[in-house]
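Novice: Mind having a look at this structure? Questions to follow.
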Amino acid sequence: MTRPSECDALRVHGWLSETAETFRNAVLERCVPRRFARGETLYRAGDEAGGLYGLVDGAFGVMVDPGASAPFLGILARPGFWIGEASVITRGPRAIGIVATRDSLVAHLPLRQWDAIVRAEPEAWRWLAYLTLRNELLALAVIDALRQRGAEGRLAAILAVLVMGADAGEKSSNSKGGTVVEISQDDLASMANLSRSTAGRVLDSFEACSLIKRSYRTLNILDLEGLKRRRT
């Protein structure tokens, strides 16, 4: 069971914060806190169903497995993000993988605990459907970003998804009003389907125009509207 101090982010940010209080409490009372080191895998595509995961602190990378080629980072998730709903519905193997891109604290709701909630909370399935919709809309935003033909427009769109793809709990702001996104250039290039060198040149251009500010494994998004105008 999670202690209140451990799950505060999930109460006030993301999917769970938008659900009914009785359901929210039922979920958090049954969650098990788990810690993952950066680079550690929570689950892989093909693993058996295993319940929901909510990110309390740190960052998730959603790894999409395209089949014959190596998995790639599809979405970078921040605190307040929940995942795992597909296998809860189907009881089949995981369709995607999840990896911690930072040292992370996670709330795990095992499948048997979800089933206990469903028996007591008839509205539980509606809330899970809402989570499914949220995650589908985020995935569609990534797909739309990848449809941008030019490298500059595509990377600008991906950065916009990272900033706007979830609520305020999944990003952090600094004293200058920018939005801080913790992601390596390699992972960002992978998300945008660009080479590292091409992504680097585009980021150089964005930084020269004061749209972003880079530091080690971190991007500060200074001008989101300016980035949106770079979309083709």
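Novice: Given the condition closer than 15 Å to Arg231 by Cβ, crowded, with 17+ Cβ neighbours inside 10 Å and at pLDDT 90 or above, answer yes or no: does some residue in the range 195-202 qualify?
Specialist: Yes - at least one qualifying residue is present in the range 195-202.
Novice: Check Gly39 against each of (1) farther than 11 Å from Ser104 by Cβ; (2) surrounded by fewer than 19 Cβ atoms within 10 Å (Cβ to Cβ); (3) modelled with pLDDT of 85 or more and name the one condition it does not meet.
Specialist: Answer for Gly39: the failing condition is (1).
Novice: Please find, among Gly92, Gly97, Gly153, the residue that is open to solvent by less than 10 Å² (accessible area, probe 1.4 Å) and closer than 18 Å to Ala45 by Cβ. Give the derivation first.
Specialist: On the way: Gly92 fails: open to solvent by less than 10 Å² (accessible area, probe 1.4 Å); Gly153 fails: closer than 18 Å to Ala45 by Cβ.
The unique qualifying residue is Gly97.
Novice: Give the residues of the range 114-165 that are under 20 Å from Leu55 (Cβ atoms) and not in a helix (DSSP H, G or I), sorted by residue number.
Specialist: The answer is Gly165, and nothing else.
Novice: Quick one: is Leu28 outside any helix (DSSP H, G or I) and among the hydrophobic types (A, V, I, L, M, F, W, C)?
Specialist: Criteria not met by Leu28.
Novice: When you go through Arg119, Arg112, Arg126, Arg102 one by one, which is the residue that is modelled with pLDDT under 90, open to solvent by 20 Å² or more (accessible area, probe 1.4 Å) and among the charged types (D, E, K, R)?
Specialist: Being modelled with pLDDT under 90, open to solvent by 20 Å² or more (accessible area, probe 1.4 Å) and among the charged types (D, E, K, R) holds for just one of Arg119, Arg112, Arg126, Arg102, which is Arg102.
Novice: Quick check on the range 67-87: of everything there that is open to solvent by less than 50 Å² (accessible area, probe 1.4 Å) and either of a type in the set (D, E, K, R) or over 14 Å from the mean Cα position of the chain (by Cα) (or both), which residue is modelled with the lowest pLDDT?
Specialist: Arg78
Novice: Go through the residues of the range 10-23 one by one and say whether even a single one is among the aliphatic types (A, V, I, L, M), at pLDDT below 90, open to solvent by 20 Å² or more (accessible area, probe 1.4 Å) and not in a strand (DSSP E or B).
Specialist: The answer is yes; a qualifying residue exists.
Novice: Output the number of residues of the range 203-213 satisfying the condition of being open to solvent by less than 80 Å² (accessible area, probe 1.4 Å) and touching a residue at least 12 places away in the same chain (Cβ under 8 Å).
Specialist: So the answer is 7.
The values are calculated or read from the model by the stated rules, or taken from the named source; none is laboratory data. Computed from a predicted model, the values in this text were never measured in an experiment. So basically every Cβ, Gly included, is an ideal-geometry build from the backbone, and we count neighbours across all protein chains shown. For accessibility, only protein heavy atoms count, side chains too; no ligands or nucleic acids. Shrake-Rupley method; radii C 1.70, N 1.55, O 1.52, S 1.80 Å.
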